[in-house]
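A.B. asks: I have a structure I would like to understand better, so I am pasting it below and will then ask my questions one at a time.
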Amino acid sequence: MIEIKICGITGIEDALHAAACGANALGFIFYRQSPRYIDPATAAGIIARLPGAICKIGVFVNEAAETVKQTAAACGLDLIQLHGDETVDYCEGFHPDVLIKALPLETEKDLQRASLYPVRALLVDARSAGRYGGTGKQASWELAARLAKDKPLILAGGLNSENIAAAMRTVRPRAVDINSGVEEAPGKKNAEKVKEIIGIVRGEESGEDHDPTFTVRRPQNPPGMK
């Protein structure tokens, strides 16, 4: 089964609707420069009301490692997604089982670099004009497909109801990460678009079995603690 993450959640109604439609994971962006930024206290309140089976993921960009760990513990996050310029050495300060690293793929060197990260999964996204994600820009499906053959891969980058089926067939990712493609405005989801795209993903599933990326229980220790 291909798992589905709806990212950029800022309100409880959008969170509960995505969960009810069949999303496996929800993403909360703790990057202040993002138009989808949510403060930890608000995120913690939403997370406390979510079904236990939903994976809660915190998205961080070039944040101090200790701040990431403190936020993860305070909010009750299951996984940590690093969406900035974090190095391999930085990532080694976290337990790999709770870590997702987002990377842009543009060259062969990017593929080689991706293989070095000790993480649960890699997320392929597109960057634009200094923005670290949520751009609506399509990632390189060709390079992502190559990486997906060797690494657990989450595909992001401009996914919407018009291209999600083609993306899944081309890349064959473990999971998809959907953000701007189901929005009315940054941080505000369109209920019908969320329902529609989740239905498309479920209809396109091949029946292949994979180790789950998002189907996790929160560790006894706060995420990131080694």
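A.B. asks: Output the residue which, of all residues in segment 68-108 that are free of Cβ contacts under 8 Å to residues at least 12 places away in the same chain and of a type outside the set (S, T, N, Q), is surrounded by the fewest Cβ atoms within 10 Å (Cβ to Cβ).
C.D. replies: Going through the qualifying residues, I end up with Asp89.
A.B. asks: Just to be sure I understand, how many residues within segment 199-213 are under 22 Å from Gln81 (Cβ atoms) and surrounded by fewer than 22 Cβ atoms within 10 Å (Cβ to Cβ)?
C.D. replies: Residues flagged as under 22 Å from Gln81 (Cβ atoms) and surrounded by fewer than 22 Cβ atoms within 10 Å (Cβ to Cβ) within segment 199-213 amount to 3.
A.B. asks: Shifting gears a bit: Quick check: anything in segment 84-91 of a type in the set (Phe, Trp, Tyr) and over 15 Å from the mean Cα position of the chain (by Cα)?
C.D. replies: yes
A.B. asks: Another question, if that's okay. Among the residues of segment 10-33, which ones are hydroxyl-bearing (Ser, Thr, Tyr) and either under 18 Å from Leu123 (Cα atoms) or surrounded by fewer than 19 Cβ atoms within 10 Å (Cβ to Cβ) (or both)?
C.D. replies: Answer for segment 10-33, where residues must be hydroxyl-bearing (Ser, Thr, Tyr) and either under 18 Å from Leu123 (Cα atoms) or surrounded by fewer than 19 Cβ atoms within 10 Å (Cβ to Cβ) (or both): just Tyr31.
A.B. asks: Determine, yes or no, whether Gly45 is over 12 Å from Leu99 (Cα atoms) and of a type outside the set (Phe, Trp, Tyr).
C.D. replies: So Gly45 fits the description; yes.
A.B. asks: Follow-up. Could we say that Glu3 is touching a strand residue (DSSP E or B) at 6+ places or on another chain (Cβ under 9 Å), more than 19 Å from Ile200 (Cα to Cα) and charged (D, E, K, R) here?
C.D. replies: No.
A.B. asks: I'd like the full set of residues that are among the basic types (Lys, Arg), more than 18 Å from Asn24 (Cα to Cα) and assigned to a helix (DSSP H, G or I), limited to segment 166-200.
C.D. replies: Within segment 166-200, just Arg169 meets the criteria.
A.B. asks: Going through segment 1-57 one residue at a time, which ones are in a helix (DSSP H, G or I) and either at pLDDT below 95 or small (Gly, Ala, Ser) (or both)?
C.D. replies: Once the filter is applied, which keeps residues that are in a helix (DSSP H, G or I) and either at pLDDT below 95 or small (Gly, Ala, Ser) (or both), segment 1-57 yields Ala15, Ala18, Ala19, Ala20, Ala41, Ala43, Ala44, Gly45.
A.B. asks: Is at least one residue of segment 134-155 among the charged types (D, E, K, R) and touching a residue at least 60 places away in the same chain (Cβ under 8 Å)?
C.D. replies: No, there is no match, as no residue in segment 134-155 is among the charged types (D, E, K, R) and touching a residue at least 60 places away in the same chain (Cβ under 8 Å).
A.B. asks: Here is a follow-up. Could you grab me the full set of residues in segment 58-67 that are surrounded by 14 or more Cβ atoms within 10 Å (Cβ to Cβ), of a type outside the set (Phe, Trp, Tyr) and outside any helix (DSSP H, G or I)?
C.D. replies: Within segment 58-67, Gly58, Val59, Val61, Glu63 qualify.
A.B. asks: Given the criteria modelled with pLDDT of 95 or more and of a type in the set (Lys, Arg), does Lys149 qualify?
C.D. replies: Considered against the rule, which asks whether it is modelled with pLDDT of 95 or more and of a type in the set (Lys, Arg), Lys149 comes out as no.
A.B. asks: Here's something else I'd like to know. Please list, ordered by residue number, the strands (runs of 3 or more DSSP E) wholly in segment 68-146 having 2 or more residues that are at pLDDT below 90 and under 23 Å from Glu183 (Cα atoms).
C.D. replies: Strands (runs of 3 or more DSSP E) meeting the threshold: none at all.
The values are calculated or read from the model by the stated rules, or taken from the named source; none is laboratory data. Predicted model, so just to flag it, every value in this text is computed and none were measured. Glycine gets a Cβ as well: all are built from the backbone with ideal geometry, and neighbour counts include every protein chain shown.
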